[in-house]
Structures are given as structure tokens and as C-alpha cells.
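Below is one structure, written out as C-alpha cells; comments come after it.
The values are calculated or read from the model by the stated rules, or taken from the named source; none is laboratory data. Everything numeric here is computed off the predicted structure, so don't read it as measured data. Positions of Cβ are generated from backbone atoms using ideal geometry, with glycine treated the same way; all protein chains shown enter the neighbour counts. Surface accessibility is based on the protein's heavy atoms, side chains included, excluding ligands, DNA and RNA. Shrake-Rupley method; radii C 1.70, N 1.55, O 1.52, S 1.80 Å.
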Amino acid sequence: MIDLSTLPSRLPAIATTTSPISIERAGQKHADMLCEASQQSVGHVRPWMGTDLCPVTPAQARQCLATLENQREQGYGITYLLVMDNRCLGMGLINYIHPLHRNANLGFWIRPEACGQGLAVQLCQALKKLAFDQMDLFRLELFIEPNNKASLRVAEKLGAEKEGYCRKRICGRHALLYALTNE
């Protein structure tokens, strides 16, 4: 098992022309901002990532964050939030960590009004660096809905290779499999 407790609570911030955007490990202090971001993002996040990672009530947000903390303690995964001016702009996670094969999934979502600014790419680059440099993983997999053009562009900008088409892979939906390796 990979000890996720040793990983940083913050990753290097993303510089912008207005305010820096911090990348903070998800915790209970983020409940209100995660709830608000989820309410704004539910239409494009839930169909793909399900209800657990897009909590739209305060109680669901607290439960989501408790679950994510438990998953981190169990070595299952780690989640970071993009935060700017006390607002959550999105989420990035490394989960389904396989300790023997040293691979994992990489997932993300960005709230609609923050899309198109390169935040998903920068967040995923930070998570990729964390996975390969500090977690000593060999491989990250991204499962992307074939019609999700924005996420496909993110995968391509990250240098991920398209490896296949997976039927009924995520929440009963078809997905394209992209992979990043630490070569």
C-alpha cells in the first residue's frame, strides 16, 4: 500500500493574472465551497462521475469529504480541489490505486464558468507530477466519455496515449481509455 499520509496538503499554485489558484487536499474545511461548486456543475459532472463526487447539499458535501479522507487513509486515493478567492473551481483525484502494479486512475472536473482557461490541464499536470515523483506510480489511466471534447483535449495536452474503447466502463457508459506513463 502507498502511504498517502505523507503527500503534501497543497501542491504548487497555478499563477493567473488575477489571483493565484491553490491546489489543496480536500478536507472538511472545503464543505461549503465544494457544495456551491457542485451545485453549479451538477449538469456536466454527475452523468459521468456519479453523485458521490458532486455533492449538492451541505450534508452530502460533508459526507463526500469524509469518504475522500477515509479513502486517503486506506490508500485508495487522494483528492485535491482548485481554490481561488475562497471558491472551489474544480476537483482532481488519483484513485483506484493499485499498490502492486503501481497504477491508478486520474479524474477531474472543472466548474462551467472556469472551463476553457487551461485549469484542468494544469491541475492534471500537478497530479501527474505527484503520482510519478512522490507516489512512485508507473501509470495513470483516464477514462473519458467519447463525446467529451474538452476532456479529450486535456488528455491530448497532457501527452496521454489513446489505448482503447471500453464498453460500459464508467457508470454504465462507454469510455475511451487514455494512459500516461512515467517514461
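May I ask you to give the percent of accessible area on region 28-84 that is carbon plus sulfur, with a probe radius of 1.4 Å?
Carbon-and-sulfur percentage of accessible area, whole number: 51.
Would you look at the GNM of the chain, springs on alpha carbons closer than 10 Å, and say which of Asp85, Asp52, Asp136 moves the most?
Asp85
How do the peptides 20-27, 56-63 rank, highest first, by the average count of neighbouring beta carbon atoms within 10 Å per residue?
20-27, 56-63
Give me the log10 of I(q) over I(0) for region 1-90 at q = 0.15 Å⁻¹, as the Debye formula computes it from C-alpha points; what are the numbers?
-0.58
Could you give log10 I(q)/I(0) at q = 0.15, 0.23 Å⁻¹ for region 52-92, computed by the Debye formula over C-alpha point scatterers of equal weight, without solvent?
-0.38, -0.83
When the expected Rg is taken as 2.2 N^0.38 Å, what fraction or multiple of it is the alpha-carbon Rg of region 48-126?
1.14
Counting pairs on different chains as well as pairs 8 or more places apart, how many Lys pairs in the chain have Cα atoms under 21 Å apart?
Taking the Cα cut-off of 21 Å, the pair count is 8.
For all pairs of alpha-carbon atoms in region 82-183, what percent lies in each bin of width 5 Å, listed from the first bin to the last filled one?
Histogram of Cα-Cα distances, whole percents per bin: 2, 13, 23, 24, 20, 13, 4, 1, 0.
May I ask you to give the solvent-accessible area per residue for region 105-156, in square angstrom, as obtained with a 1.4 angstrom probe?
Heavy-atom accessible area per residue stands at 43 Å².
Quick one: accessible area per residue over region 1-76, 1.4 Å probe, rounded to a whole number of Å²?
53
Rounded to two decimals, what is Rg over Rh for the chain when you use alpha-carbon atoms and the Kirkwood radius?
For the chain, the value is 0.93.
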